[in-house]
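Working notes, structure below.
Any read-out appearing in this document is the output of simple, stated calculations on the displayed coordinates, not a laboratory observation. Predicted model only: the values in this text are computed from it and were never measured. Cβ: placed from backbone, ideal geometry, glycine included. Neighbour counts: every protein chain shown.
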Amino acid sequence: MSHATNYMITCPCGMVFRSKIYEYVNTRQDPQLRYTVLAGLLNVSTCPNCGRRSTQSRPFIYSDPAHFLLVYVDPTPDISDEARRDTLEKLLSVRQKVGIEVSYRVPVKEKLRVGSEKHVAGVTIDTLQSSAEGSVSRGSGERMSSGADRAMREGKERSGASFAERAMREGKEAPPLHVVFGLKHLYELINAALSQQERLGRLALRTFSQREAERGQLLDIARKFAAELQCQVDAEIVSGEYTVWLYGSRRQIGAIMRELTP
Ligand SMILES: [Zn+2]
């Protein structure tokens, strides 16, 4: 089962609202979440008042049993070496408890420094730069504060590790646990595991109408398709144009396009 916690988010506009933050994503139970992740929309909060977006960079576990993929994701690409080591140590202790392989890759510069010794121990690390290339860019410069921010920071490794443990116990033949820092590398792992037809596709439904009723109609249509075909819906307003995006596999998006074009 995927797992999310509701947090109270305070927007710079003054609005206080609830937002769902995922700690554990399981695409067997919630196939649409694969595309939420690939669209860069997981743990992104949208203010219902002003539409401002912000990303809650809490670590989460991504589990896709059908593709033998299990990943611990710390979305912070520029995490300190110390924090990184900390996370890895915790995950390695989970590994010993559950008896599962933990898989990392050492970035080139680190490989040179530590030599091959760490490879023998199976401890290698991947880091990535902050550019979210290939994803849809989200969020504004201004940061929203969440009341639970500090609690999230304090508890993040621990809860991440405990979800990792749970994910490992759930699978009889558990895949190795990949550890990544930065979302870009998660997208690479997912895309490498998916066939062309399973990769992210998207479709925009647009209207220039300012009328709530017409915009609502567009959103209803999108939601109907999304529910039927396990897609993700996201609405945005850019210079007066109302756009509803549908994110799903290329196969599903193709099917929706065929239904919409007579
Ligand atoms: Zn706001």
- request: Rounded to the nearest Å, what's the spacing between the alpha carbon centres of region 185-251 and region 1-46? Just the number, please.
  value: 16 Å
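Quick check: residue separation of N191 and K20 times 0.36 nm, minus the Cα distance between them. What number comes out in nm?
Working: separation 171, 0.36 × 171 = 61.56 nm, distance 2.49 nm.
Using 0.36 nm per residue and subtracting the Cα-Cα distance, I get 59.1 nm.
May I ask you to derive the FRET efficiency for S209 and F68 from their Cβ-Cβ distance with R0 = 41 Å, giving the value to the nearest 0.05? Spell out each step's value before the answer.
Values: r = 46 Å, r/R0 = 1.12.
Efficiency, from the Cβ-Cβ distance: 0.35.
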R28 versus S93: modelled label distance in nm, points set 7 Å from Cα along the beta carbon direction: 2.8 nm
- request: Highest first, please rank the peptides 206-213, 33-40, 60-67 by the mean number of other Cβ atoms sitting within 10 Å of their residues.
  value: 33-40, 60-67, 206-213
message: Applying a 10 Å radius around every beta-carbon, put 78-89, 13-24 in order of their mean neighbour count, most first.
response: 13-24, 78-89
statement: Stretched fully, the stretch from R251 through E236 gains (0.36 nm per residue minus C-alpha distance, one decimal, in nm) 3.0 nm
message: Whole-Hz ³J(HN,Hα) for each residue in region 230-246, computed from phi via Karplus 6.51 cos²θ - 1.76 cosθ + 1.60 with θ = phi - 60°, x for glycine and proline: what do you get?
response: 6, 10, 10, 10, 9, 10, 8, 10, 10, 5, x, 9, 9, 10, 10, 9, 10
statement: So, over other residues within a Cβ distance under 13 Å of G254, counting Lys, Arg +1 and Asp, Glu -1, the net charge is +3
